[in-house]
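Each reported figure results from applying straightforward, stated rules to the coordinates on display, with no laboratory input. Predicted model only: the values in this text are computed from it and were never measured. In this analysis, Cβ positions are derived from the backbone assuming ideal geometry, glycine residues included, and neighbour counts consider all displayed protein chains.
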Amino acid sequence: MKKYIFAAVAALGMTTACTDNFEDINKAPHQISEESFQADYLFLKAFFPQMQQSIYYNFGNGYGYQLQQNLNADIYSGYMTPPTPFIGNKNNATYALVDGWNSWAFNKSLDNILAPAKSVSKHMDLAPEFYGVSLILKVAGMHRVTDMYGPIPYTKYGEVNEGGGLPYDSQEAVYDMFFEELDMAISLLKDKPAIANFSEVDQMFKGDFNMWAKFAASLKLRLAMRISEVAPAKAKTLAEAAISAGVLEGGDLAQVSADGLKHPMALIKSWKDALMGAPMESILKGFNDPRLAIYFDPSDQDGEYRGIRQGIEIETKDTYSDFSGINDNVIGVNKPLLLMTAAEVYFLRAEAALNGWSAGASAKELYEMGVQASFDQHGAGDASTYLADATSMPADYVDPENAANDIAAQSDITIAWDAAASAMVNKERILTQKWIAMFPEGQEAWSEYRRTGYPKLFPVEVNYSNGTIDSEEGIKRIPYPSAQYQTNAAAVEAAVQMLGGADHGGTNLWWDVD
Amino acid sequence: MRNLFLLISFVFVAFTSYAQNRIVKGQVAGNDGQGIPGVNIVIQGTAKGTVTDLDGNFSLDAPADASLTFSYVGYISQTIVIGNQSNLSITLKEDLSQLDEVVVTALGVERSAQSLTYSTAVVKADELTVVKDPNMMNSLSGKVAGLQLSRSGSGAGGSVKVTLRGNNSIQGSNQPLYVIDGIPMSNFTSAQPSSTWGGRDGGDGISNLNPEDIESINVLKGAAASALYGSQAANGVILITTKKGQAGQSKVTFSSSFTADQAYVLPKLQSDYGQTAEGALDSWGTDKPANAHAAADLYRTGTTWINSLSASFGSQNVQTYLSYANTDAKGILPNNELNRHNFTLRQTSSLFDGKLDLDGNVSYMRQNAKNRPEQGLYFNPSMAYTLSPRGIDMEMYKNEYEVFDQNRLLNVQNWPLVNEFVQNPYWMMNGITSKEVRDRIMGSMGAKLNITDWLWAQGRVRVDRTTDDYRKEVRSSTMTIAPKSGRLIINDYDNTLYYADAILNANKTFGDITVTALLGGAIQDATTKGMTIDSNQGGLAAVNYFDLAAVQGERPRAPYNRKQIQSVFGSANIAYKNMLYLDLTTRNDWSSTLPLDNNSYFYPSVGLTAVLNEMVALPEIVSMAKLRGAYTVIGNDIAPGLTNPAAAVLNSAGNVVDNSVVLPFTGEPETASSTELGFEVELGRFMYLDFTYYNTDTRNQWVWITNEQNQREPINTGLINNKGFEAALQIIPVSTADLTWTTNLNFSTNKNTIVELRPEDEAYSFLLTPMSNNAFSSVLVQGGSFGDIYGYDVKRDEAGNPLVDANGIPLRSDEIVNLGNPNPKWQLGWNNSIKYKNFSVNALIDAKVGGKVMSITQAMMDQAGVSQVTADARQAGGVMTEGAKSVDADGNIVGDFTEKANAQAYYSTVGGRAALGGLYMYDATNVRLREMSLSYNFKDLNFAKNLTVSLVGRNLFFFHLEAPYDPDLTMSSGNGLQGIDVFSLPSTRSVGLNVNFSF
C-alpha cells in the first residue's frame, strides 16, 4: 500500500507549479504586444495622436472635455454659459468651485501630454524630429494648464525625485522652459524633409515640419505676449525673434483632424449644457457682426440670438435651455479641433506693434489682417465694410427670463481702427477682435482676458466663493486638485508658496499683473 | 482466453451464491410506529443492499446467515442477524444528539458534526422550496446567523449580495464562494451599477439554479471551515449539495408554486400642488391638480410561476435523478419578464462491488430576462414616473406614449417636457427595450476508487460555461441619452470555469485514535471574454435600425480576463475517543494573477474541539456540550491583468495611448487571519445552542492608488478587522406525536474597523463609490468602517448649531463628512414552526437593527416638489431649522434664525441628486415578517406518496421601518453603492400557493 501512497504523492507533486504560462494567462485586455509596438516604429509614433487630441479635448471623451475646459475656461472667457444649475446652482459658474471637475485639466494633462511626451523623449537621439514635435505638443498642452493653476509640475515629471514627491515649478520657470523647448523644436524641425512614419500620425500639418516650426514660433509669440506685462524686456526679445522665425499667416490654421475624431462640443451640445454666453450676444449683436449667425444658432425661444449671463440665479435647466446653442459650423461633430489661427497671430503681432516692437507691419495693418483672416476662416466674406464701421458698439444685454439680469454694455469700443485713440483703447480694440476670432477656444480667451482685462465682460451676480473671488475682477485661477494635498502634499504646499497667495480662485498668476 | 475463463467462473460463483439466498421482507419504523422511508439496508460484509420505500417497507434477497445493517440519518444504526426470520419488524431509535449528523464540509468531504472545529449552518431543502423566489438565495434571508443578504432593486431574478461575517476586502470580492457537490461554481455577473448615475444588473450565477435540485445548503461562514478551498473562499463558502437518485426507490415529484407580487414601500407623493408652470419639470404650483398619478399605478401585480418535475430512480448499481423546472416571472414593472428553463441529469453508480463510485452530472439552463429595470438616473421608468409633474395627464401619456410625426414619418415619443431623466415613463418602457439571454451549461464527472477499507482516491472535473447576450435598443426621439437615429447597446460575455482535482483520503484507527487524512491537488481556470459596443451619440446608419453593422463611429471592445490557480492541499483530522478532535489543514496556491517571482503562497489552519460530555460527568439533562476553537490563515491573490502592463494600450475609442501611467503590481498576496471560538450545548431534543466569536484581520489588501505623478499603481496596504458574535438557538418546547413546536433564533453582530489604510499617509482615503457630482459617496478611511457613507452635512458652528443663510436655508459643510454606515449593528432571525397532525405553520421574523441609509429618491422628489413632505411643508408655512443661526454673505454669524424658510426655496436647494446628504439619511432599522407559510400534508393517499399544499407569503409586512424605502435593497452586488436608493424598483410583498406532489 505504501507504494500507492508514494505514487499518489508523486503524481500530485507533478501536477503543481506548472506556472510557465502564467504570464500569458495574466494578460490584461487591449494591451499592445511587444511585437506590434516595435513594428514600423510604433513606439515612436504611437503617442502623437494621443497628444494632438489632448490639447483641446480629452482624447475620446466628451464629458472629459466638459470638465477639462468647458465648465471653467469656456465660461470664464464669456464664450459660453451652461443653462444647467449643476449642484443646486453652486458650481464653477457661480464661483463655488467644484474640485471634482477642476482636477481633470490637471490630472489628464499629466496622463495625456506629459507621460507620452516623456515616452517619446526616450528616443530623442534616434528620431530628433519626433522629439521636436513632441516638445511643441507638450508646450501647446501644458501652457494651458499653468495658465489655469499657476505653478505646475513640469520639469521634474516622470523622474525619481528626492523625497518621493513630484515638485512643482514656478510659473516663471515653466515659461522659461517653454521658450527653451520651442526654440529647440524650431531648430530640430526647420527645413527638415518629411518622414513617412511621422506623416502617418501627423493630424495637424500632414508631415510638413516647416509648418510645425511656424506653429512653434506662433506659440512662442503667444507666450511672449502673455508675459509682456510682467517681463516686458524679455517679452520683446522673444516676440521679435518668434515673428522673424516665421509664424502662422494667411489661411494657416493649427488644427487637429483625423478619421473618426469627433468634436467634443458636439456631444455637449446634444446635452444642451453649453449655450451662448451673454458677452458674445452683447458684442456680436452690437457690432452687427456677420460671425454671429456663423457661430450660433438662433434661440428656440423667439428666433433671436440669445446668450446667458454667467453667475446668475438658475432654478431649473429648462429656464434657459432654449437659448442660442453653438452652430455646427464651429463645433459640428466632424469639425477639426482648432488650436491656433493665423488671425490670432495677426492680433498678437498687432499688439506687439502697438507696444512699439518690430512686428513686420503696423498695428493697424496687422489688426485689419487679423479681422480679414477671421472672416476668411469662417467664410464671412470681405471685411472692409465691417472694418470701416466706427459707430457700432457692444449692445446692452436683456434677459427675457429675468429682468434682474439685464445689464448695460460694458464698453463703448468700436470696430474701425482709430489712430487717434489712445494705445489703451486700441489695445482693447485688438483684444476684442482677437476674442471674437478665437471662438470657441475659451482657454486662451480667458487667459488673455485675465492679462489685459479685455474684452470687458459682465460680472457675476451670484458669487458663492465665500469672499475669495471678487465679482468685478472675476476669477483669476483654478485651485489645485484636493487629491494633490493627499498624494503630493509637500510639493503642492511649496507650490502655493511660489504662487504667492492662497490656493483659491482669487489669487493672480505670475503674468497677471493688474 | 484467460479472461473468458475468469468471466465464466465469476458468473458461476454468482449463480451458486444466488441459489442459497432467500427473500427477507419487513418494515422499518421509528419510535412512533411510522414507517421510515429511505433507510439504507446493507448486507454486512458486502456492498449489496436496498432502501426502504415510502412506508418503510423493504424486500431483499439475502443469505440466511447474513447480518443486515439498517442506517438512516438522525437515527442510531442497528445490525440484525436474519436467522430464520422472513418477516422483520425493525424499530430504529432516534439519535437524540443532533451533532451525530453527517455534515458536508469543504471539498464535499462528509464528517460528523461533532468533530467540527468551527461553526456551520445547514439549511434543508424544504426551507428553500416552500416560499420560492426566482433567485433562490433570497430564501436564506434571516435563516442563518451571520449571513447578511441584500437584494438588487432590479426586479424579478435580480442579483443578491451575500456577506458572511462582514466585508474583508477593499477591491476584491466580498461575496462567498459557491460550491456545488464539492466543486466551485461560477457566480458570474456581467454588469453591476458602479455609481449613483445607475446602470444595469446583469443577474448573478447563483440565481440560475433550480432550488428543487438542492438537497441542502451548508453555510461555511468562517475561514476555518473554508480553508481547504483556499483564497477564493476567504469570504466563506455556500456549499450546495444536490439531489441524486436513490437505490431501490422510484419517485416522481411535481411541484408548482405561484406567487403574486405587489409593490411595497412606495414613495409618498403629494396631490395638493400642481406643476409650477406649463412645461416646468417641478410642482411648486398653487392649484390643486385635478388628477394626480398615484405612486402605485405605474406597477402591476407581478406573478411568479415556478413549476418543476423531477424523477429519481435507481438500482443498487446505478441511480438516476432527472429534473426540469420552469420559472416564469412577470415583474411589477409592466413589460419586465423573466423566463428560465432548467434541465438536470445526474447519474451515480457503484461498480465492482463498491470499489468504484462514479458520479456524472450535467445541467443546462436558459434564461431570458426582458427589460430588467435599471436603477439610478438613466433609463429608469420608475424615476420618470415618480418625478413627473403633479397633475400631468398620465393616463393619456400612458395610452398615447407615442404619436406619429408627419415630418419624420415615424412614431415618436409623446411628452410635454424636455429632460434627460424625466421622459414619458411609458415611452421608457416601450421605446427603450432590453433583452438578456443567458445560456449556461454545467457538466461534472467524478470517480472515487475505494482502494482498501481505509483508503480511497478521488478525481473530479467540472466545466461551467455561461454565455450572456444582452442588447438594448433605444428608439429615436428618446431625449439626450440617444441621438436622433437611436442607440444600440450590445454586451456579449462568455464566462468559462474549468476545475479539476485529485484527492487521496485515508481513514484509520489506531487504538483510541482515529486519523482522517487527505492530500490533494487542484487546478482551476476561469476566463471571461466578450464583445461590447454602444453606438451612443455616434448613432446608427438608419433611424431605429438596430443592427451591429449599423453602429456609427463607435468601436467594439473586447473585455477579457483569465485567472488560473493551481493548488496542493492537505488536511489531517485526529480524533481521540470521540472526545478531542484536532484539525490541521494546509494549502499552497500558485496564482496567475501574482508577480511571476512571487506567485506561490502557503497558509495553514489549526482547530481543536473538546466534547465535554465525553470527558467529564455533566448533569444528565446536558446531552452534549462542546468547546471549539480554530485559527486560520488564508492567502488571497489579486485581480487578473495587473502584473505586466504593456507600454501602450488601446483606449475606449480604439486609439493607441501611452500606458506608462499604469505601474505593475509587485506586491504580496493578501492574507486573512482569523480566530474562531465557540461552544455548543444540547439539552436532548429540547434545546440546542451554538455560540461563536470570531475575529478576522485581512492584511496586505491590494488597492489602486494614484501616486504623486498621477500614475496608477496597484499596491498592498491596509488592515481591515471584522469581529463579532453569532448565536443560533433552537428550542422545541412541545414535542408530542401530534404536535411539535420548534422555535429557532439566530443572532449575529459584526463590527468592522479599518485599522489601517496607508500607514505612511493617514489622510489617505479610498473611494469605494465616487461622488460623481451626486449626494452619495462611499469612502474608506483609517479608523472608519467599510461602507461609510460620505456626503455634505449641514454646516454647524462650534456649539453644533446648524447654520442657515439669510433665507433660512441650511448651509453645506465645507467638506464631505461621514454620514453613517449602512450595515446593521445586529441582525436577528426568529423562526417558529408548529406542526399539528397534518398541518404545519411557519413564520419567520427578520430584524436588522442599526445602520443608516441615504435616499436620493426622496431628495429628488423634494426638489421637484412632488413629495408629500413638500406638501406638508407648504401647508405648515415653510421649513423650520431648529436652533439655527443665520450667517451673512461673508460667513459671519449674525444671530438666531427663528423663521421658517420658504418650502420651495428650501427644497430646491437642499434636495436634488446633489442633495445636502445629511438631511437625507435614515435609520435603516427594520423588522419584518419575512416569511409565512401554512401547509397541509395529505397522508395515506392511495394515488400518491406525498401531497402537500401550502399557502405562502414573503415580506408580508414591516413591524418597524423608518427609511422611505426597503433598506434590504441594494443598488449593486459589488462593494460600493451600499445603503443608497436612487429609484430602485420597490420591494415586493408576495403571497401565493405551493403544491408539492410525488408518486
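What the table shows:
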read-out	value
Under 18 Å from the B:Ala517 label point (7 Å along Cα→beta-carbon), backbone N, the stretch B:570-587	B:570-577, B:581-587
For residues of B:697-710, the mean tally of beta carbons on other chains within 10 Å	4
Computed FRET value (nearest 0.05) for A:Ala293 with A:Met124, which takes r as the C-beta separation and R₀ as 56 Å	0.70
B:Ala876 versus A:Glu461: modelled label distance in nm, points set 7 Å from Cα along the beta carbon direction	3.2 nm
Given A:Lys335/A:Lys427; A:Lys138/A:Lys206; A:Lys236/A:Lys456; B:Lys751/B:Lys795; B:Lys221/B:Lys355, the pairs whose alpha carbons are separated by over 23 Å	A:Lys335/A:Lys427; A:Lys236/A:Lys456; B:Lys751/B:Lys795; B:Lys221/B:Lys355
Peptide B:561-572 - average C-beta neighbours from other chains (10 Å radius)	3
Under-5 Å amide H pairs with B:Asn57, H placed in peptide plane, nonlocal only	B:Val28
Net charge, B:Leu663 excluded, C-beta distance under 10 Å - Lys, Arg +1, Asp, Glu -1	0
Volume in Å³ per residue [convex hull over Cα atoms, computed for the stretch B:244-294]	159 Å³
Proximal aspartates and glutamates relative to B:Lys900, as straight alpha-carbon distance under 18 Å, when same-chain residues fewer than 8 apart are discounted	B:Asp805, B:Asp862, B:Asp872, B:Glu882, B:Asp888
Label-point gap, in nm, between A:Ala233 and A:Thr391 - each point 7 angstrom along Cα→Cβ	4.9 nm
Cα centroid of the stretch B:105-127 to Cα centroid of the stretch B:38-56, whole Å	24 Å
Where chymotrypsin sites (Phe, Trp or Tyr not before Pro) fall in DSSP loop in the stretch B:350-407, at most 13 other Cβ within 10 Å	B:Phe352
Label-point gap, in nm, between B:Asn407 and B:Asp126 - each point 7 angstrom along Cα→Cβ	6.9 nm
Set of lysines near B:Lys370 by C-alpha distance (under 22 Å), chain-local residues within fewer than 8 positions excluded	B:Lys132, B:Lys161, B:Lys330, B:Lys398, B:Lys435, B:Lys472
Amide H contacts under 5 Å for B:Thr105, placed H, 5+ residues apart	B:Glu110, B:Arg111
Cα-Cα pairs of the stretch A:388-514 separated by more than 25 Å (percent)	41 percent
Cα pair distances exceeding 58 angstrom across chain B, given as percent	16 percent
For the protein assembly as shown, diffusion coefficient by Stokes-Einstein and Kirkwood Rh (Cα), 20 °C, 1.002 mPa s, µm²/s	59 µm²/s
Inter-part distance where the stretch B:636-714 and the stretch A:63-87 are each reduced to a Cα centre, Å	38 Å
Relative contact order for chain A, counting Cα pairs under 8 Å that sit 6 or more residues apart, in percent	20 percent
Likely footprinting exposure, A:Asp382, B:Asp872, fewest C-beta neighbours within 10 Å first	A:Asp382, B:Asp872
Neighbouring partner chain Cβ atoms per residue of A:263-271, average, 10 Å criterion	2
Gap separating the Cα centres of the stretch B:148-174 and the stretch B:920-967, nearest whole Å	21 Å
Loop-located chymotrypsin sites (Phe, Trp or Tyr not before Pro) in the stretch B:917-953 whose Cβ has at most 12 other Cβ within 10 Å (DSSP)	B:Phe943
Phi to ³J(HN,Hα) by Karplus 6.51 cos²θ - 1.76 cosθ + 1.60 over the stretch B:926-943, Hz, x for Gly, Pro	8, 10, 9, 7, 6, 9, 8, 8, 10, 10, 10, 10, 7, 9, 6, 8, 6, 8
Residue-averaged 222 nm ellipticity for chain B, from DSSP H runs of 4+ at -39500 (n - 2.57), nearest 500	-2000 deg cm²/dmol
DSSP loop trypsin sites (Lys or Arg not before Pro) with at most 16 other Cβ within 10 Å excluded, longest remaining stretch of chain A	A:207-514
Chain A - mean residue ellipticity at 222 nm from DSSP helices (-39,500 (n - 2.57) per run, n ≥ 4, rounded to 500)	-13500 deg cm²/dmol
Potential extension, B:Asn832-B:Met579 segment - 0.36 nm per residue separation minus Cα distance	87.8 nm
Total formal charge among the other residues, if their Cβ is under 10 angstrom from that of B:Asn722, Lys/Arg +1 and Asp/Glu -1	+2
Taking chain B and dividing mean pair separation by its residue count, relative contact order in percent (alpha carbons under 8 Å, at least six apart)	11 percent
Set of lysines with alpha-carbon distance to B:Lys626 below 18 Å, sequence-local pairs under 8 removed	B:Lys577
